[in-house]
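First the structure, in the form of structure tokens, and then the observations on it.
The values are calculated or read from the model by the stated rules, or taken from the named source; none is laboratory data. Bear in mind that the values here come from a model prediction, so they are computed numbers and not experimental data. All Cβ positions, even for glycine, are placed from backbone atoms using ideal geometry, and neighbour counts span all protein chains on display. What goes into the accessible areas is simple: the full protein's heavy atoms, side chains included, and nothing from ligands, DNA or RNA. Shrake-Rupley method; radii C 1.70, N 1.55, O 1.52, S 1.80 Å.
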Amino acid sequence: AEGVHPSDLAALLDAEGVAVRAGHHCCQPLHAELGVSHSARASLYIYNTKQDVDVFIEKLEATLEFFQDLEGGEGGEADDMDGLFSFDDFPQ
């Protein structure tokens, strides 16, 4: 989300029981190319379930809405994520 520091995003997701990593992830050249200093990363592995992904998306959307509300925005930011993720994109 525009203007949300990855560490803030990670902290609020953590409070919701969702673990993501925020930082450099050993990819500072990519960050420089993208014009950002840090990023947040969610990782999946074979033990993650569809429910894990659904909960992540639900909590991410709610967290982005929270940040947008702080900025005085009216909806939309998290709505832009509709259809961005699909469990069908992951091998089963």
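Do you know which residues across region 63-78 are modelled with pLDDT of 65 or more and open to solvent by 70 Å² or more (accessible area, probe 1.4 Å)? The answer is 65, 66, 69, 70, 71. Residues that are farther than 16 Å from residue 4 by Cα, modelled with pLDDT of 85 or more, assigned to a loop (DSSP other than H, G, I, E, B) and under 14 Å from the mean Cα position of the chain (by Cα) are absent from region 79-86.
Considering 12, 60, which residue is open to solvent by 50 Å² or more (accessible area, probe 1.4 Å) and modelled with pLDDT of 90 or more?
Result: 12 is the single residue among 12, 60 that is open to solvent by 50 Å² or more (accessible area, probe 1.4 Å) and modelled with pLDDT of 90 or more.
Scanning region 7-23 turns up no residue that is β-branched (Val, Ile, Thr), out of contact with any Gly (no Cβ under 6 Å at 6 or more places or on another chain) and part of a helix (DSSP H, G or I).
The set of residues from region 36-48 being modelled with pLDDT of 90 or more and open to solvent by 60 Å² or more (accessible area, probe 1.4 Å) comprises 41, 43, 44, 45, 46, 47.
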